[in-house]
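J.: One structure is given below, represented as structure tokens, and several questions about it will come after.
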Amino acid sequence: KGAGYELTIRELARITIEESDNTALNGVQEIISPYVSPTSSKSAYGALDVEFSDTEQTNLRLSARSYSSFLKCLNFACYVSTDSSQQIMEYLTHSTDGASNKIRKYIPNTVEIAHKIGVTGNETQADCGVVFVTNRNYVLCVMLNEEEDKGSEVIAQLSKKIYDYVDGL
């Protein structure tokens, strides 16, 4: 947007989630850091049944199980208000960065998926999301130590198999 452009925290959060924009994430962190202590963060993660490790470089590392707990909590509004949870889920359904070649790839476009991908260089691939199948929503979180093309395809194939099973129930 250019130097001096002002955004609300809501706009920064949307850009962070939808576009995986680390500059927007830095803006969110700068705004909230005076209100969040390491103790309160650990308490929040504990309330969400999340195991995490936080390195000196502030790289938060979550397991697939922990990430799934976050998504489940968002879906059921167990930590923040229903309106806030639904807004975040809406942002996740519009996630754009690499969103079409993992969980979404072989799922019909009529099915909504609120998800977030993750990559570390070309050696780690992840996609975690809630797949909204009528009366059968489910959480799928896959994290692989694999190069991008192969890892993305493995996630896409696994997603398709699970979707076909759940949709056929």
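The values are calculated or read from the model by the stated rules, or taken from the named source; none is laboratory data. These figures come from a predicted structure and were not determined experimentally. Reconstructed Cβ throughout: ideal geometry from the backbone, glycine too, with neighbour counts over all protein chains shown. Side chains are part of the model used for accessible areas, which takes the heavy atoms of the whole protein and leaves out ligands, DNA and RNA. Shrake-Rupley method; radii C 1.70, N 1.55, O 1.52, S 1.80 Å.
J.: So Phe132 fits all but one of (1) under 21 Å from Glu18 (Cβ atoms); (2) modelled with pLDDT of 90 or more; (3) in contact with a helix residue (DSSP H, G or I) (Cβ under 8 Å, 6 or more places away or on another chain); what number is the exception?
T.: Going through the list (1) under 21 Å from Glu18 (Cβ atoms); (2) modelled with pLDDT of 90 or more; (3) in contact with a helix residue (DSSP H, G or I) (Cβ under 8 Å, 6 or more places away or on another chain), Phe132 breaks only (3).
J.: Something else: For the structure I just gave you, tell me whether Lys161 is open to solvent by 70 Å² or more (accessible area, probe 1.4 Å), under 18 Å from the mean Cα position of the chain (by Cα) and free of Cβ contacts under 8 Å to residues at least 60 places away in the same chain. Give the steps one after another, and end with the answer.
T.: On the way: open to solvent by 70 Å² or more (accessible area, probe 1.4 Å): yes; under 18 Å from the mean Cα position of the chain (by Cα): no; free of Cβ contacts under 8 Å to residues at least 60 places away in the same chain: yes.
Here the answer is no, as Lys161 does not meet what is asked.
J.: With respect to Val80, determine if the residue is of a type in the set (Val, Ile, Thr) and either open to solvent by 50 Å² or more (accessible area, probe 1.4 Å) or at pLDDT 85 or above (or both). Talk me through it step by step, then tell me what you get.
T.: Working: of a type in the set (Val, Ile, Thr): yes; either open to solvent by 50 Å² or more (accessible area, probe 1.4 Å) or at pLDDT 85 or above (or both): yes.
For Val80, the condition - of a type in the set (Val, Ile, Thr) and either open to solvent by 50 Å² or more (accessible area, probe 1.4 Å) or at pLDDT 85 or above (or both) - is met.
J.: Now a separate question. Checking Val166 against (1) open to solvent by 50 Å² or more (accessible area, probe 1.4 Å); (2) modelled with pLDDT of 90 or more; (3) more than 23 Å from Leu12 (Cα to Cα): exactly one of these is not met. Which one?
T.: Failing condition for Val166: (1).
J.: Sort out which residues of segment 134-151 are of a type in the set (D, E, K, R) and open to solvent by less than 80 Å² (accessible area, probe 1.4 Å), and write them in order of number. Before you say what the answer is, go through the steps one by one.
T.: Here is the first cut: in segment 134-151, the residues of a type in the set (D, E, K, R) are 136, 146-150.
Within segment 134-151, Glu146, Glu147, Glu148 meet the criteria.
J.: Can you say whether Ile88 is assigned to a helix (DSSP H, G or I), in contact (Cβ under 8 Å) with a residue 40 or more places away in the chain, of a type in the set (A, V, I, L, M, F, W, C) and open to solvent by 20 Å² or more (accessible area, probe 1.4 Å), as far as the supplied structure shows? Spell out how you get there, then give the answer.
T.: Numbers: assigned to a helix (DSSP H, G or I): yes; in contact (Cβ under 8 Å) with a residue 40 or more places away in the chain: yes; of a type in the set (A, V, I, L, M, F, W, C): yes; open to solvent by 20 Å² or more (accessible area, probe 1.4 Å): yes.
Answer is yes for this residue.
J.: Report yes if some residue within segment 124-133 is open to solvent by 20 Å² or more (accessible area, probe 1.4 Å), in contact (Cβ under 8 Å) with a residue 60 or more places away in the chain and not basic (Lys, Arg); otherwise report no. Explain how you work it out, then say what you get.
T.: Within segment 124-133, the subset open to solvent by 20 Å² or more (accessible area, probe 1.4 Å) is 124, 132.
From what's left, in contact (Cβ under 8 Å) with a residue 60 or more places away in the chain: none.
Taking every residue of segment 124-133 in turn, none turns out to be open to solvent by 20 Å² or more (accessible area, probe 1.4 Å), in contact (Cβ under 8 Å) with a residue 60 or more places away in the chain and not basic (Lys, Arg).
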